[in-house]
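Read-outs throughout are calculated quantities, based only on the coordinates presented, and are distinct from any laboratory measurement. Everything numeric in this text was worked out from a predicted model, so none of it was measured. Quick reminder, even Gly has a Cβ in these numbers, built from the backbone with ideal geometry, and neighbours come from all protein chains shown.
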Amino acid sequence: MKRNKKKMMNRLALVFIALILHVACTTKHEKIEIQGWNILTDNKEKAIQTIEKAREYKINHLQLSHEIIMDLRQVRDTTRHTLIKTLTDKAHKEGIEEVILWDHTLYGLGYYPDKFKTGPNGTIDFDNPEFWEWFRNDYRDMLDLVPDIQGLVLTFIETGARAEDQYSQKMKTKEEKLAAVVDEVAKVVIDERKLKLYIRTFSYTHEEYNNVISAINLIKNQKVILMMKETPHDFFLTHPNIKYAGTIARPTIMEFDCGNEFNGQGVIANTWTEHIVNRWSDFLKRPHVIGYVARTDRYGDTGIIGHPSEILLYTLKNLAVDTSLTKDQISEQFIGKRYGQQAISFVKPAFDLAYDIVTSSLYTLGTNIANHSKLNFDPYISSYGRHVSGKWVDPPVVFVEHGVNKEFHYWKDIIEHLSPHELKKVDGPLKIEAPFVLEQNWVSPVEKMDTIWYNYILAEKQYGIKLATEALYHIEQAKPFLKNDDYVDLYETFHRTLLTTQLYEAVARAYWGYRVYVRGDEFRNAALNNSISKGLDDILIISGQIKDYQNQYPIGQWNWKSDAEMALKYYDLIAVSGWKEYGGIVFPFRE
């Protein structure tokens with residue numbers, strides 16, 4: 001009897017120690033005050049579906065933006081006002097404390113009375129106190145129309161009438177003008193109405209970031225809160241984490257794009273738990289970061305609630321609560337809860353492959369070449385300047401896996417070979433987007449695509465197909481353990497993903513091969529001709545399969561089926577009409 005009692009005491013002691021260790025290893029982030037979502041779509045049904053899920057995620061902050069409202073002046077539109085009220089009321093009913101509307105200021109010059117535009121070239125005279133009184137009254141009038149909201153998110157840079165371009169003798173710098181606009185809005189929003197004011201920052205260059213940060217440091221109202229994107233400039237998977245977050249002594253919330261504007265918009269598999277863990281765990285360690293807001297859609301019916309991409313929202317929420325969680329633990333928790341424990345061993349491997357699938361298809365050799373998820377290699381100028389991840393990496397090098405397994409310099413290697421030669425000229429877009437590239441002579445204004453680089457691209461695109469095929473196989477194996485609706489949603493998502501990788505490979509094979517072909521006889525051979533021909537054949541086949549796709553799919557900013565039409569346009573430019581920018585040469589297909 002004594003022995004049994006002793007054994008029981010030992011077991012209780014072990015359980016007690018285990019509980020202590022569990023508590024010690026569970027790092028709860030006490031400083032996280034804001035867990036937020038941002039709804040972009042004006043699809044009321046999808047927006048309400050998202051809001052109804054918010055309580056489960058302990059969401060206490062909801063932003064309404066883009067198709068719902070981008071400028072506060074839009075509350076004067078009856079249709080928008082009705083939707084804003086409906087969603088605001090619903091959010092409060094579901095326990096969301098803060099509903100925040102997006103705004104941009106200044107609006108276009110035409111919005112403001114002519115009597116204030118007495119500066120050079122019709123600019124607003126910022127030294128005229130009557131303008132600022134009119135400005136504040138305008139905000140009072142607009143806010144009167146939405147009495148139930150809790151604040152604004154204000155974009156104050158690169159707006160319609162840029163504040164920094166207006167006239168003032170008293171304010172000597174652009175930064176002073178930007179800060180003045182924010183403080184004038186804050187007088188009404190914060191001081192008078194006791195609402196929240198978040199200011200949203202983003203820039204295209206390091207110089208612009210320096211200017212914006214200087215402006216922020218001049219803002220007098222200390223209750224203004226910062227909202228910063230997870231990445232510098234825009235939401236690309238290959239961009240680094242924004243380095244400025246946490247460096248400014250103001251409360252800061254991080255903006256995550258779980259709607260994946262540039263990465264497939266939830267139409268294809270966007271299920272990269274590890275990527276979110278890597279980003280978010282970094283920001284959670286930084287001072288002044290008090291929360292996050294995650295985009296939940298990219299317009300239309302692309303809301304990710306109830307679909308595979310919801311795992312991104314789950315990751316943000318759970319890591320904020322417990323920073324000790326690993327990406328595998330989070331994935332297994334979500335899949336087990338959403339699809340059932342028996343599905344984990346099949347669905348998780350498919351989800352885990354999504355990042356490499358997308359970064360080897362919509363991206364090429366470490367940088368994005370899709371136009372807001374649309375297939376468009378040429379002449380989408382931003383892919384070869386503004387959106388290049390090398391703008392934000394020092395030194396600007398990347399190790400590309402994906403069957404290539406080589407380190408490249410973003411400019412001297414990747415853009416030098418991928419970019420159409422017209423975009424590398426000294427008076428081209430790089431002059432504005434990345435002048436240092438021209439100063440360093442990292443690119444030359446001539447065609448540099450050759451067989452070596454063509455083969456790198458093909459290796460990567462084929463790698464994407466291989467992974468997408470494998471992912472779809474995993475989903476098919478999960479069928480016996482899934483509800484029918486869940487299986488259909490998963491299967492169709494990964495089926496579209498596979499078709500996308502195949503289309504990208506076909507167009508890449510034809511397009512980049514054509515770029516080699518047009519350089520002349522010395523670059524032409526039977527192997528190249530056969531490869532281009534295969535690409536053109538595959539464009540016809542895969543485009544046909546996409547056009548014949550019968551199932552419903554989400555449509556937002558990107559209409560997935562439109563990629564088939566773009567591929568056929570490339571087919572025509574290469575094999576029928578000739579591409580004007582490449583001398584109008586027609587590839588002799590089927591001769």
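Shown in residue order for region 503-518 are the 3J(HN,Hα) couplings computed by the Karplus curve 6.51 cos²θ - 1.76 cosθ + 1.60 at θ = phi - 60°: 5, 4, 5, 5, 5, 4, 4, 6, 5, 5, x, 4, 4, 6, 4, 6 Hz (x for Gly and Pro).
Run through the DSSP bridge list for the chain and note the antiparallel percent, rounded to the nearest 5.
Details: 7 of 45 bridges.
About 15 percent, rounded to the nearest 5.
Going by average Cβ neighbours within 10 Å, how do the peptides 341-349, 259-267 rank, with the highest at the top?
Working: 341-349: 19.0, 259-267: 26.2.
Most protected by this proxy first, the peptides run 259-267, 341-349.
Helical runs assigned H by DSSP (4 residues or longer) give the chain a calculated mean residue ellipticity at 222 nm of -14000 deg cm²/dmol, each run adding -39500 (n - 2.57) before division by the residue total. As a length-normalised measure over Cα pairs under 8 Å and 6 or more apart, the relative contact order of region 34-342 settles at 18 percent. Length gained on full extension, residue 341 to residue 169: 55.2 nm, using 0.36 nm per residue less the C-alpha separation.
Once both labels are positioned 7 Å from their Cα atoms along Cα-to-Cβ, the gap between residue 58 and residue 394 label points is 3.8 nm.
Remark: spin-label model distance residue 326-residue 526 equals 5.3 nm, labels positioned 7 Å along the Cα→Cβ axis.
The mean sequence distance of close C-alpha pairs (under 8 Å, at least 6 residues apart), as a share of the length of region 363-582, puts its relative contact order at 17 percent.
Between residue 45 and residue 127, what FRET efficiency follows from the Cβ-Cβ distance if R0 is 51 Å, with the result rounded to 0.05? Intermediate results must be reported in sequence, preceding the final value.
Numbers: r = 49 Å, r/R0 = 0.96.
Calculated transfer efficiency: 0.55.
On full extension, the segment bounded by residue 559 and residue 207 gains 123.2 nm, given 0.36 nm per residue less the C-alpha separation. Annotation for residue 431 and residue 548: the two label points, set 7 Å from Cα along the Cα-Cβ direction, are 4.9 nm apart.
Ranking 132, 314, 258 by Cα position along the charge dipole of the chain, where only Lys, Arg, Asp and Glu carry charges on their C-beta atoms, puts 314 farthest toward the positive end. For the chain, the relative contact order is 12 percent, taking Cα pairs closer than 8 Å that sit 6 or more residues apart in sequence and dividing their mean separation by the residue count. Compute the distance from the alpha-carbon center of region 542-578 to that of region 423-470, in whole Å. Computed from Cα coordinates, the inter-centre distance equals 24 Å.
By definition, a body whose alpha carbon gyration tensor gives a ≥ b ≥ c is oblate when a/c is 1.5 or more and a/b is not larger than b/c, and region 299-346 fits this oblate description.
Which of the trypsin sites (Lys or Arg not before Pro) across region 100-195 are loop residues per DSSP, with 10 or fewer other Cβ within 10 Å? The partial results should precede the final answer.
On the way: sites: 115, 117, 136, 140, 162, 170, 172, 174, 177, 187, 193, 194; in loops: 117, 162, 170, 172, 193, 194.
Within region 100-195, the qualifying trypsin sites (Lys or Arg not before Pro) (loop, at most 10 other Cβ atoms within 10 Å) are 170, 172, 194.
Seen from residue 288, the other residues with C-beta closer than 10 Å to its C-beta sum to a net charge of +3, counting Lys and Arg as +1 and Asp and Glu as -1.
Between residue 534 and residue 590, what is 0.36 nm times their sequence separation minus the Cα-Cα distance? Round to one decimal in nm. Can you show the working numbers first?
Details: separation 56, 0.36 × 56 = 20.16 nm, distance 1.07 nm.
Result: 19.1 nm gained on full extension.
As a rough guide to protection, the peptides 425-434, 456-465 ranked by mean Cβ packing within 10 Å, highest first, stand as 456-465, 425-434.
The protection proxy used here, the mean number of other Cβ atoms lying within 10 Å of each residue, ranks peptides 236-242, 208-214, 292-298 as follows, highest first: 292-298, 236-242, 208-214.
Taking a ≥ b ≥ c as the square roots of the eigenvalues of the Cα gyration tensor, an a/c ratio of 1.5 or more together with a/b no larger than b/c marks region 250-302 as oblate.
Rounded, prolate or oblate: which fits region 146-233, taking a ≥ b ≥ c as square roots of the Cα gyration tensor eigenvalues, rounded meaning a/c under 1.5, else prolate when a/b beats b/c? Walk me through the numbers before you get to the answer.
On the way: a/c = 1.95, a/b = 1.28, b/c = 1.52.
Oblate, because a/c is 1.5 or more while a/b does not exceed b/c.
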